[in-house]
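Structure, as structure tokens:
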Amino acid sequence: MKVKNALSDDKIAAGEHKRAHTSREEAASQKCAADSALAMLEAFEIGELEDLPVDSLIQILTAANAEKALLDATPVLLTIPKEQRGEFDAVALGELKQVLGEEIAVLGRSLAEADRVLKDIWAEALGCEALREVEEERQAAAEQSLLDAQNAVQARAAEEDAARETVKDRETAHSNLLVHQVLAQEKTTTAAAALAAVEALCNPAPPAEEAQDVDMT
């Protein structure tokens with residue numbers, strides 16, 4: 001049960017880490033785009049860059065919540081060369097840079113928070129993984145202990161069976177020995193009786209009358 005819970009926690013932590021990593025990558029991508037947009041505007045402002053990806057800049061400025069009037073003026077503004085810009089154009093460029101600067105600051109804080117969350121979740125994921133490994137090792141050790149106990153019981157049962165067989169063999173051998181002894185005794189008794197019979201036949205007793213005559217003489 002503990003291993004199952006640890007696996008579930010590990011899976012949840014992995015999912016949270018994946019989501020946090022995705023959020024961090026999105027924040028990093030947005031900040032990188034805003035940084036690039038600001039760098040292009042600064043280059044355009046000093047006349048080092050003329051062709052700008054207007055549509056991309058509009059998307060970034062829209063995401064940064066730039067005012068509608070400023071967004072409407074941006075496509076035309078970004079086509080005016082440095083030497084042809086008026087005071088209004090310079091102010092508008094300054095506002096665009098300010099909007100992007102503020103957006104970059106917000107995205108920087110979001111990225112820092114995303115990094116912190118990602119680190120925390122990564123640490124939690126590592127902890128869940130370590131806990132899962134510990135629980136798996138404990139379960140494996142418990143299963144091995146159970147297996148060892150079962151093997152010990154089986155070995156003990158085998159020893160007891162062998163001991164019973166040894167006792168049975170000894171009892172059988174003892175019984176056979178007694179039978180052999182009885183048979184040997186019977187044979188000895190029979191042989192003695194037969195010998196006595198033979199001796200009686202070979203040495204018969206004298207008749208009774210002859211025995212009386214011998215006594216009178």
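The values are calculated or read from the model by the stated rules, or taken from the named source; none is laboratory data. None of these values were measured; they are calculated from a predicted model. In this analysis, Cβ positions are derived from the backbone assuming ideal geometry, glycine residues included, and neighbour counts consider all displayed protein chains. Heads up: the accessible areas ignore ligands, DNA and RNA and are worked out on the full protein's heavy atoms, side chains in. Shrake-Rupley method; radii C 1.70, N 1.55, O 1.52, S 1.80 Å.
Here are a few things to note about the model shown:
- Checking the stated criteria, ALA37 turns out to be in contact (Cβ under 8 Å) with a residue 60 or more places away in the chain, more than 30 Å from ALA125 (Cβ to Cβ) and in a helix (DSSP H, G or I).
- Any hit, the range 58-77, residues being under 25 Å from LEU118 (Cβ atoms), assigned to a helix (DSSP H, G or I) and open to solvent by 90 Å² or more (accessible area, probe 1.4 Å): no
- For the range 91-105, residues that are open to solvent by 40 Å² or more (accessible area, probe 1.4 Å) and without any contact (Cβ under 8 Å) to a residue 24 or more places away in the chain total 3.
- Which listed residue, of GLU42, GLU50, GLU95, GLU83, is in a loop (DSSP other than H, G, I, E, B), more than 50 Å from the chain's Cα centre (by Cα) and of a type in the set (Asp, Glu): GLU50
- One residue alone among GLU165, GLU159, GLU210, GLU135 is loosely packed, with under 10 Cβ neighbours inside 10 Å, in a helix (DSSP H, G or I) and either modelled with pLDDT under 80 or out of contact with any Leu (no Cβ under 8 Å at 6 or more places or on another chain) (or both), and that residue is GLU210.
- Each residue in the range 121-156 was checked for being under 30 Å from ALA20 (Cα atoms) and over 23 Å from the mean Cα position of the chain (by Cα), and 0 pass.
- Listed by first and then second residue, the pairs with beta-carbon distance under 6 Å, at least 6 apart or on different chains, first residue in the range 134-148 and in contact (Cβ under 8 Å) with a residue 60 or more places away in the chain, second of a type outside the set (A, V, I, L, M) and surrounded by 13 or more Cβ atoms within 10 Å (Cβ to Cβ), are GLU135/LYS2.
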